[in-house]
1. Identify the chymotrypsin sites (Phe, Trp or Tyr not before Pro) of the range 38-107 meeting these criteria: DSSP loop state and at most 13 other C-beta atoms within 10 Å of the C-beta.
2. Quick one: Karplus J couplings for the range 202-214, per residue in order, coefficients 6.51, -1.76, 1.60, θ = phi - 60°, nearest Hz, x for Gly and Pro?
3. Taking the Cβ of ASP46 as the centre, find all other residues whose Cβ is under 13 Å away and add up their charges (Lys, Arg: +1; Asp, Glu: -1).
4. Which angle from 0 to 90°, rounded to the nearest 10, does the C-alpha axis of helix 154-170 make with the longest principal axis of the chain?
5. Treat the count of other C-beta atoms within 10 Å as a stand-in for reagent exposure and order SER412, SER280 from fewest to most.
6. With the contact rule set at Cα under 8 Å and sequence spacing of 6 or more, what percent relative contact order holds for the range 1-73?
7. Nearest 10 degrees, 0 to 90: what angle lies between the long axis of helix 49-61 and the longest principal axis of the chain (Cα atoms)?
8. Excluding the sites themselves, what is the longest stretch of the chain that contains no GluC sites (Glu not before Pro) in a DSSP loop with at most 10 other C-beta atoms within 10 Å?
Amino acid sequence: MEERKLLFHIPSTSIFECDPLTQGILDALRSGEHTPDTLESTLSGDFASESIRSALNDLQSLAVVTANAVDTGVKTFEPLELKQIPLTTVVLNINTGCNLSCTYCYKEDLDTPQNQRKMNYDTAVQSIEMLINESPNQERYNVVFFGGEPLSNFALIKRVIDYAEKRFQGLGKKVDFSMTTNATLLDEKTIDYLNAHRVGIAVSMDGPKAYHDRNRITVGGQGTYDTVEKKVGLLLGKYNSRPVGARVTLTTGVTDVVAIWDHLFNVIGFSEVGFAPVTSGDIASYNLQPEELGEVFSGMKQLGERYLDAALENRNIGFSNMHQLITDLHEGNNKALPCGAGVGMVAVDHEGGVNLCHRFTGSELPLLGTVTEGINKPQINEFLNKRLDKADTGCATCRIRNLCAGGCYHESYARYGDPVHPTYHYCDLMRDWVDFGIRVYSTIMEKNPGFYDRYLAGRRAG
Ligand code: SF4
Ligand code: SF4
C-alpha cells in the first residue's frame, strides 16, 4: 500500500504492518528458496541472527512461510456435522402479495394483491416455536417480517409481535424484530406501533426519482417515488427507536452509486444506505452488464473514498457495504460460509415450508423441512458441506476466500442453477473491492483508530 508494507493474513483475516526485517525475509524468499542458514547469511548485514530466527519463527507460526513450497497453508476440509442448527433468526414470508410491481423483483412466490397468499397466525407461531426448539440456547433471537410487502399483512405482524414478546420474555430471552418494506403503506399509527416495538426497518428505495421510478412502480405502472418520499419523511421524522436504512437494488441503467447515496443519505436522511447489485436475476434484461458491474464497483470505490475521508474526521457516512467490510476486517471475521442462511437463519414461506433464506421461498430448491416437522439436519449438513469443500474450486486458494466464501447462494442458484457453485462471474471485482477495503481499513487504523471504538463497538452492541 503505497509506502507502507502490509501483510493480509488470510487464515485469520488479520492485517500486519511489516517491519524492515519481516519485509527483508519475505523479499528474500520471493526471490528464491532458502534454508534458515542461507536466509540468515543473506540478511546478516542488516539484522542480528537472533532477530532473523525469531522473525522467521513468527512467520512460520502464521503459515506465511512454510517449510515445503507446495504447502500453501490452506486448511483441509473438515466435514461439518451439525446436530443442532444454531439458529437465531427466522424470516417469515407473511404475504406473497405486494402492492407494487417492481420490474426486477426476484421473488418467485410474488403475487399481485388479488392473488396474495397470506401466512396464517398458526404457521407464524409454529415458526417461532421451531426457532426455539431447534436452537434453545441462544440469548437473543430475531424475527424478520418479509413479503411481498410485509405491511400488507400488518394484522399478523401485530399478533406475532405480541406472541413473541411474551414467549421470549417467559424464557428470559431477548427478541428483536425487523422488516424490509417498500414504505408505501406506512401511516402515523403504523409507524408509532413499529417504533414502540423497536422494529428495525429497511426501506427499499433506489435513489432520486429518475432512478427509483424506472423500476419501482405500482401494479398499474406508475412510479412510486413521490409516495415513498412522503412516507419516508413521515417515518424518519418520528422513528427514534432504531436507525432506518435504505436498500438499493442496482440493475441495468441504475449504476450511479455516489449520486444515489448522496440523495438517500443527504437529501432523504437515511442513517445507512446499502447497495445490492443484481447480476443474476431471473429476468436477464435487468441484470447489470459486465461493463455496468465494473461501473458499480468503481462507484463503490469512489464512495469508499468519501467514507474514508469522513472516517478520518470521525464521521460515518452510512455506506453499509463499506462499513460491513471494515467491520469484518476489524473483527477478523473468518467466514467458511458466505452468510447465515441455513445455519443462523432460515426463511419460512407462507405455508410453513423452511427455506435457506428469504430469496428461496417459492423456488424449486427442495425445502429444508417444515415448521411442524422441524429442520432436516442431514439435508442441511449435506448442503453446507458441498459449499465448504473448496477442493477443485478457484476458492481454495483465493485470497479473499474467508470473506467471500464463494458468494451468495441465491446469486449462484439464479446464475448457475446450483446454489453451492461459487459466484465466479465477479471474483476479480470482489478481490479488488476487498483490497480497496484493506487500504481504507488500515488508513483509518493508522490515522484515526478511535473511529472503530465509536462506530463499530456501537454496531456490535446494537
Ligand atoms: S472471489 Fe471467487 S474464487 Fe474468491 S472466494 Fe469468492 S467466489 Fe471464490
Ligand atoms: S443466500 Fe444470498 S440472499 Fe440469501 S442470505 Fe445469503 S447472501 Fe443473502
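1. PHE77
2. Calculated HN-Hα couplings, in order: 10, 9, 7, 8, 9, x, x, 3, 4, 7, 4, 6, 5 Hz.
3. -3
4. For 154-170 against the chain, the angle is about 60 degrees.
5. If I rank by nearby Cβ atoms, fewest first, I get SER280, SER412.
6. Relative contact order comes out at 21 percent.
7. Here the helix axis deviates by roughly 30 degrees.
8. The segment 140-312 is the longest one with no such site.
Every read-out reported here was derived from the displayed coordinates using simple, explicitly stated rules and does not represent laboratory data. All figures in this text were calculated on a predicted structure; none of them were measured in a lab. Glycine gets a Cβ as well: all are built from the backbone with ideal geometry, and neighbour counts include every protein chain shown.
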